[in-house]
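The values are calculated or read from the model by the stated rules, or taken from the named source; none is laboratory data. Nothing here was measured: the structure is a model prediction, and the numbers come from that model. Counting neighbours? That spans all protein chains shown, and the Cβs are built from the backbone with ideal geometry, glycine included. Quick note on the areas: whole protein, heavy atoms, side chains included, nothing else; ligands and nucleic acids left out. Shrake-Rupley method; radii C 1.70, N 1.55, O 1.52, S 1.80 Å.
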Amino acid sequence: MLDDSPKRFDRIIAILIQLQSKKVVKAQELAERFEVSLRTIYRDIRTLEASGVPIYGEAGIGYSLVDGYRLPPVMFTREEASSFIASEKLMQKFIDKELGQHYQSAMFKIKSVMQSSDKDWVSSIESKILIQPPNGDLFNEKVPNAMAILFKSIADKTQVILDYQAVEAENASLRTIEPVGIFHDNNSWYVLGFCHLRNDYRQFRVDRMEGIKKTEISFTKEHDALETFLDKEKKSPTTTVRLLVDKKISKYLSYEKNYHGFVSQKNVGDLVEMTFLSRDIENGFSRWYLMYADYAEIIEPLSLKNRVLELMDSYRQRLQKSPD
């Protein structure tokens, strides 16, 4: 029996909007978004076709609207518009200048199709939302359009030339890369790309770019999806770390614990036993631990204890050498 409920009607309209938003949309993608079966999606597509919507479908590829078919501008609900306002505030703080200008232009277009009463409603919210800037600079002032260039390069599959200041290097060096993808992690933007200098894949922090130039030189190879490389990194060897932490301090560790491989925790009397799977005992975890060392005991591993002792001894020697 066919489901002619308002819920189905809303889903069909949403499917049509999604078809307009992408060149090709897979049935599985639609099924996952709306949490229905593939059979239901097939039925909804047939309903759209019967209504005169020109849909082209190919087995194993997906559905597309015939070129040139467009509906009039879609009206946004107040709730949808308010979500755009929150996004706009975030974009102002977390993307570079050029992309920010493009996003602002897009927001003007979105607001232009809203009813007058809804515009007033959105404006009243807009002035009440504030996003504090992140700690440190996400971008180098010398390259205010770095993200925009990287986006274009990824879309066009063309190489870029970076004037890049690596942490371990005294001077910046030129790197020709084929950008695979961009991601945000631990308050920094990164681009992962194939580096021709190293003949391997490398990560580059956007704020360390002294300069960037898009070229017309095409990629020399096909690259896997960004998720493939990040998943490989997540599967790199880890070391189990267990700490006994004072309860009143454990809550402060929660701000960064996931970054350091947090797995679980349990109460042990007045203490909290926290378990981590760390990928960087030598520097990352050991230096982070020192911030709370007077309130946290290392249960395991011994290598972490030894590394912390090395760092403390080095610090002690430096203090002894410093003038009074």
- Query: What accessible area per residue comes out for the chain, rounded to a whole number of Å², with a 1.4 Å probe?
  - Reply: 64
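What is the gain in length, in nm to one decimal, between Leu309 and Val167 on full extension, counting 0.36 nm per residue of separation less the C-alpha to C-alpha distance?
Working: separation 142, 0.36 × 142 = 51.12 nm, distance 2.51 nm.
The span from Leu309 to Val167 would gain 48.6 nm if fully extended.
If each DSSP helix of 4+ residues adds -39,500 (n - 2.57) and the sum is divided by the residues in the chain, what number results at 222 nm, nearest 500 deg cm²/dmol?
On the way: 11 runs with 133 residues, N = 324.
Calculated at 222 nm, the ellipticity per residue is -13000 deg cm²/dmol.
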- Query: Using modelled backbone amide H atoms (1.01 Å from N, in-plane), which distant-in-sequence or interchain residues come within less than 5 Å of Gly181's amide H?
  - Reply: Leu192
- Message: Rounded to the nearest percent, how much of the accessible area of the chain (1.4 Å probe, protein heavy atoms only) is carbon and sulfur?
- Response: 52
- Filter the cross-link list Lys26/Lys214; Lys22/Lys93; Lys26/Lys109; Lys23/Lys232; Lys89/Lys111 down to pairs whose alpha-carbon distance in this structure exceeds 23 Å. Lys26/Lys214; Lys22/Lys93; Lys26/Lys109; Lys23/Lys232
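Order of 208-220, 187-199 by packing, highest average Cβ count within 10 Å first? Provide the component values of the computation, followed by the final result.
On the way: 208-220: 14.8, 187-199: 16.9.
Answer by packing, highest mean first, reads 187-199, 208-220.
Please work out the FRET efficiency for the pair Thr275 and Asp207, using the Cβ-Cβ distance as r and a Förster radius of 25 Å; give the result to the nearest 0.05. Numbers along the way, then the final one.
Values: r = 33 Å, r/R0 = 1.31.
Working from the Cβ atoms, E equals 0.15.
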- Note on the structure: Checking the stretch 228-324 for chymotrypsin sites (Phe, Trp or Tyr not before Pro) in a loop per DSSP with at most 11 other beta-carbon atoms within 10 Å yields Tyr255
- Just flag the GluC sites (Glu not before Pro) in the stretch 5-62 sitting in loop per DSSP whose Cβ has no more than 11 other Cβ atoms within 10 Å. Glu35
- the chain: angle of helix 302-321 to the longest principal axis, Cα-based, in degrees nearest 10: 60
- Task: Scan [x] 143; [y] 250; [z] 293 for the value of volume of the Cα convex hull per residue in Å³ calculated from this model and give just the label.
- Result: [y]
